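The values are calculated or read from the model by the stated rules, or taken from the named source; none is laboratory data. Predicted model only: the values in this text are computed from it and were never measured. So basically every Cβ, Gly included, is an ideal-geometry build from the backbone, and we count neighbours across all protein chains shown.
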Amino acid sequence: MNSQREIFALVNFIEITRECRRQLVADVLNGNPDLFRFLYEDKNKNVQLLYKKRYELKWLEAHWLKCKTLFDNSNIELATRREILKIFLHWYQKFLEAWGYELADAFFFNAEIESLELLIDTNQRWTAQLDQLEMSFIRETKLLDKEIEEAKSL
């Protein structure tokens, strides 16, 4: 790794991973809703895993989005930009592989995130409806108990 382009790509990749790691720590400390629900709240293991997966994909995608922002905001000439992007993609691919993903998967992260959000929203609606049904059952049971007590006292 001797070229300035390789050094530039690696240094920026390391800085991007550092920024994203800082965000991960901040999300843990500040109670990011997805992480909180994955770690503590939801009793349903399948739903917990949906929250984890959604956070993980957003976090991995953030690395790529930061890279894209770096290139969009730079004054690097196009030919050099392509070379640096190729080097960056090499590092990003290795990073994704360490998480069990392929580089091709990264281009579908947004679609997968949207699918996970739909599943999570559906689960939340079902849970709310079940809670409402349970409350109705409890209310009706109490009313019946009250009527039975009144009937006994007659």
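How do the pairs read when you match residues in the stretch 94-110 that are outside any helix (DSSP H, G or I) with residues anywhere that are modelled with pLDDT of 80 or more and hydrophobic (A, V, I, L, M, F, W, C), using Cβ under 8 Å and keeping only pairs 6 or more apart or on different chains?
Trp99/Leu60; Tyr101/Leu60; Glu102/Leu96
Does the stretch 118-126 contain at least one residue that is more than 22 Å from the chain's Cα centre (by Cα), in a helix (DSSP H, G or I) and modelled with pLDDT of 75 or more?
Going through the stretch 118-126, the residues more than 22 Å from the chain's Cα centre (by Cα) turn out to be none.
Among the residues of the stretch 118-126, not one is more than 22 Å from the chain's Cα centre (by Cα), in a helix (DSSP H, G or I) and modelled with pLDDT of 75 or more, which makes the answer no.
Examine the stretch 15-26 for a residue that is farther than 16 Å from Trp91 by Cα and touching a residue at least 60 places away in the same chain (Cβ under 8 Å), and state whether such a residue exists.
No, there is no match, as no residue in the stretch 15-26 is farther than 16 Å from Trp91 by Cα and touching a residue at least 60 places away in the same chain (Cβ under 8 Å).
Pull up the stretch 38-64, narrow it to residues that are assigned to a helix (DSSP H, G or I) and more than 18 Å from Glu114 (Cβ to Cβ), then point me to the one that is modelled with the lowest pLDDT. Break it down into steps so the answer makes sense when it comes.
Taking the stretch 38-64 as the starting set, the residues that turn out to be assigned to a helix (DSSP H, G or I) are 38-41, 45-64.
So of that shortlist, the ones also more than 18 Å from Glu114 (Cβ to Cβ) come out as 38-41, 45-46, 48, 63.
Working: Phe38: 80, Leu39: 79, Tyr40: 78, Glu41: 67, Lys45: 80, Asn46: 82, Gln48: 83, His63: 89.
For the stretch 38-64, the residue satisfying everything is Glu41.
Out of all the residues in the stretch 62-82, which are buried (at least 17 other Cβ atoms within 10 Å of the Cβ), out of contact with any Asp or Glu (no Cβ under 7 Å at 6 or more places or on another chain) and within 30 Å of Tyr40 (Cα to Cα)?
Result: His63, Trp64.
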